[in-house]
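Okay, structure first, notes after.
The values are calculated or read from the model by the stated rules, or taken from the named source; none is laboratory data. Source: prediction; values computed, not measured. Every residue, glycine as well, gets a Cβ built from its backbone with ideal geometry; the counts of neighbours run over all protein chains shown.
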Amino acid sequence: MPHNNHSLEDVHESVSAGGSGKGWKKILAFFGPAYMISVGYMDPGNWATDLAGGSEFGYSLLWVLLMSNLMALLLQSLSARLGIVTRRDLAQASRETYPKHINIFLYALAEVAIAACDLAEVLGMAIGLKLLFDLPMLWGVSITMFDTFLLLFLMNKGIKKMEAFIIGLIAIIGLSFLAEMFFAKPDIGEVAKGLIPTIPTSAALYIAIGIIGATVMPHNLYLHSSLVQTRKFDRSFQGIKQAIRYNLIDSVIALNLAFFVNAAILILAAATFFTAGLHEVADIQDAHKLLEPMLGSWAAVLFALALIAAGQSSTITGTLAGQIVMEGYLNLRIQPWVRRIVTRLIAILPAFLTILYFGEDSTGELLVLSQVILSLQLGFAIIPLIHFVSDKSKMGDFTIGTFTKIGAWAIALTIVGLNANLVYDEIHGWIAESADPIYIWIFVVPVTALAVAVLLYITIEPFVMKSKAVKNLVPHLSPKALQMLPQKQVYQNIAIALDFSKTDGKTLSSAMQLGGTDARYTLIHVVETVGAMLYGDQAEDHETNTDMEYLTQYKNSLEEIGFTVTTQLSFGSPKKQIPKIVNDSGEFDILILGAHGHNFFKDLIFGTTVDAVRHKVKIPVLIIKD
């Protein structure tokens, strides 16, 4: 059900960053989004690849972490720039640029990436609970379902409270590994050598790609472009320029903290396992068991505690990314609690089934695989992002410069090239080793070819075609358009329920045919946010304000062509509020509302407002189908 076009509308521009403060006070107002992004760079999936790299190759892959961090810093800064300047997240910008079938494919890939990321986070937290409390992993995976309700609670408290919660978890992770470094006593000289680029073996390439996938995460690009829009600031040239600069500072600090954590994990693995000749410790549980006899019980406890903090913080941001991707690509609005439970289930089910059928010992390999999958998705997020921030029609004076473009494209080509090499080697190996490779040719090769074709399309299309005009996601019915709608008077006092979807045009047209210019019209809209459900007409969130603006726009457009119009904004559930407004008034002759032709499954998600309303009101109801 399309709604207004703001990313994370519940918290859009909910934090004022345009006050008179100067210096650090001004900067601190913008601080927060990058810290929520940074947790994705230190999630349990990173732990698996860092442990594998450190235990098998010592300090030699530290440079991959450093390179990945620099890549992440540039890409996240571009993502933040897109959100600040265009007030669109990456998914919305993609939907407004590419054809529908391409966007469906990109959406599917984005969901796969989020599922892979969530899989690592769910497994990581379950492993942490097992290590600390000896809780069976299936129980631990099930407990992560309650992250959904924690997220709803934090969202209701405001974005700043959520950011403070995440920063608190980051502090636990950082302090834990700072203490681990004192226990491990790494060789500083070897650490310095590890910053020199080298790939010892082909196996190291697989781990290196996993590290890149674990560090530069596609869902973080969607998330960052949305979270920066929670800040309300002066939209002048100087105001936007300042917001970009302060968000860059935020990103530099937050991502360097993430680099410290990742480097600490790899150094810990190198200083303990690699030095002791234990070259195959990729499993987090094995690492925990080995740490205690090597470094003491406190090291093992801190390791498990940091793992739980990493899993908990990452699940929150991953679920938010799922919301952004769904609403951005599909322009689909469903109930917040339904959307977040669905996103969580996408992650829990693979983890649950893997543990159930392959046992708890399979989690280490699954974590590394999830990060390689993430890396394979990167090109499909990075390339559109580079195109968008290079587009003068979208970015205006804030289009990125030539050197930034060169750096961004170099990163994209590096990642796509590494992934292409990995995919080719894997498919070639499967065909060579398989007794009957026909299934690989039937299923794997065509899907790979399709992915390559889409990647080429989104890379080349903006160079050869003019940018498409930005669509107006909330219908704007101009006076001229309204004047062309047929009119016929039958009813005198007409109530019209609007939801700011494409059905509104048909709903208003039908009302005007029934009443003509002599009738009186009341435009009704019900705000359905969590804040509206809890606080009623005391709610002052962003959606309430924008919905009132849209209602006023409709009213003004109708009045300009001679109609008599009033508006009624209500809060809570439309099933209850629309009948209450109509019945309490006692003046309406007919109620007109739109229906979207949902089937049974959609009714479970969107609710059956039409049926509930028509059974409760005491006047005729005209239902307009989409």
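Okay, residues lined up against (1) among the hydroxyl-bearing types (Ser, Thr, Tyr); (2) at pLDDT below 80:
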residue: 534; (1), (2): no, yes
residue: 541; (1), (2): no, yes
residue: 561; (1), (2): no, no
residue: 570; (1), (2): yes, no
residue: 578; (1), (2): no, no
residue: 592; (1), (2): no, no
residue: 596; (1), (2): no, yes
residue: 601; (1), (2): no, yes
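Contact list please: Cβ distance under 9 Å, first residue in region 105-134 and within 17 Å of residue 94 (Cα to Cα), second residue outside any helix (DSSP H, G or I) and of a type in the set (A, V, I, L, M), pairs at least six apart or on different chains.
Pairs found: 113/217.
Select, from 205, 221, the only residue that is modelled with pLDDT of 85 or more and hydrophobic (A, V, I, L, M, F, W, C).
Selected residue: 221, the only one of 205, 221 that is modelled with pLDDT of 85 or more and hydrophobic (A, V, I, L, M, F, W, C).
Taking the options 108, 113, name whichever one is aliphatic (A, V, I, L, M), over 13 Å from the mean Cα position of the chain (by Cα) and modelled with pLDDT under 90.
Within the list 108, 113, the selection yields 108.
Consider residue 406 carefully, then state whether it is outside any helix (DSSP H, G or I), aliphatic (A, V, I, L, M) and modelled with pLDDT of 90 or more.
no
Only residues in region 253-273 that are at pLDDT 85 or above and of a type in the set (S, T, N, Q) count as the first member; pair them with residues that are in a helix (DSSP H, G or I) and surrounded by fewer than 24 Cβ atoms within 10 Å (Cβ to Cβ), Cβ under 9 angstrom, at least 6 apart or cross-chain, and list the lot.
Taking only residues 6 or more apart or on different chains, the pairs are 256/69; 256/73.
Among the candidates 459, 507, which residue alone is in contact with a strand residue (DSSP E or B) (Cβ under 9 Å, 6 or more places away or on another chain) and either modelled with pLDDT under 85 or buried (at least 17 other Cβ atoms within 10 Å of the Cβ) (or both)?
Residue meeting the stated conditions: 507.
Kindly list, by first and then second residue, each pair from a residue in region 432-457 that is of a type outside the set (A, V, I, L, M, F, W, C) to a residue that is modelled with pLDDT under 85, limited to pairs with Cβ atoms under 8 Å and residues at least 6 apart or on different chains.
434/440; 437/430; 437/431; 448/423; 448/427
Suppose we keep only residues that are under 39 Å from the mean Cα position of the chain (by Cα) and of a type in the set (Ser, Thr, Tyr) within region 562-585. Which one would you say is farthest from residue 526 (Cα to Cα)?
Among those residues, the one meeting the criterion is 566.
Just name the residue that is nearest to residue 509 (Cα to Cα) out of those in region 580-590 that are modelled with pLDDT of 85 or more and surrounded by fewer than 17 Cβ atoms within 10 Å (Cβ to Cβ).
Once the filter is applied, the top-ranked residue is 589.
Collect the residues in region 225-241 that are of a type outside the set (A, V, I, L, M, F, W, C), touching a residue at least 24 places away in the same chain (Cβ under 8 Å) and part of a helix (DSSP H, G or I), keeping them in residue-number order.
Of everything in region 225-241, those that are of a type outside the set (A, V, I, L, M, F, W, C), touching a residue at least 24 places away in the same chain (Cβ under 8 Å) and part of a helix (DSSP H, G or I) turn out to be 225, 226, 229, 230, 239, 241.
Confirm whether residue 176 is assigned to a helix (DSSP H, G or I), touching a Lys or Arg at 6+ places or on another chain (Cβ under 9 Å) and buried (at least 17 other Cβ atoms within 10 Å of the Cβ).
Answer is no for this residue.
crowded, with 24+ Cβ neighbours inside 10 Å and farther than 30 Å from residue 184 by Cβ: is that true of residue 55 in this structure?
No, not satisfied.
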